[in-house]
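Written out below as structure tokens is the structure these notes cover.
The values are calculated or read from the model by the stated rules, or taken from the named source; none is laboratory data. Only a predicted model underlies this, so the values are computations on that prediction, with no experimental measurement involved. Cβ placement follows ideal geometry from the backbone for every residue including glycine, while neighbour counts extend to all protein chains displayed.
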Amino acid sequence: MNTVYYLKSCDTCQKILKSLPENHGLQLHDIKQAPLTEVEVDKLKSLAGSYEALFSRKAQLYKSLGLKDQNLSEEDYRRYLLEHYTFLSRPVFVIDGKIFIGNQAAIVQKAIEALE
């Protein structure tokens, strides 16, 4: 099933969701209300190529935990993605086996095109 992983309280995510075609058919997965499971994180990684590709360096926790000063491994990225929803770069669209990560206009446009 095609899914978008997002944060309901994120204004940017809400704006992007409103820009989607009306009958987009996406399953909405609010990562705060339903945290990602190990299976989900591993599936996203298999589509993205790495856990790092899913990881957000914009998260306040990233700075407050001093992670920017550490050399993180793939296992570290995986652990943090499972520990706290804020580490997922969002939104993440999975559409017909393809993944679109983040809120950059070009990425969102490609996700919208994949839905049409």
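Looking at Lys58, Lys68, can you tell me which residue is modelled with pLDDT under 95, under 13 Å from the mean Cα position of the chain (by Cα) and not aromatic (Phe, Trp, Tyr)?
From the options Lys58, Lys68, the qualifying one is Lys58.
Yes or no, residue by residue, for (1) free of Cβ contacts under 8 Å to residues at least 12 places away in the same chain; (2) touching a strand residue (DSSP E or B) at 6+ places or on another chain (Cβ under 6 Å):
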{"position": "Leu26", "(1), (2)": "no, yes"}
{"position": "Ile31", "(1), (2)": "no, yes"}
{"position": "Leu36", "(1), (2)": "no, no"}
{"position": "Ser46", "(1), (2)": "yes, no"}
{"position": "Glu52", "(1), (2)": "no, no"}
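Among the residues of segment 89-112, are any more than 17 Å from Asn2 (Cβ to Cβ) and touching a residue at least 60 places away in the same chain (Cβ under 8 Å)?
yes
Scan segment 20-39 residue by residue and report those that are over 14 Å from the mean Cα position of the chain (by Cα) and among the β-branched types (Val, Ile, Thr).
The answer is Val39, and nothing else.
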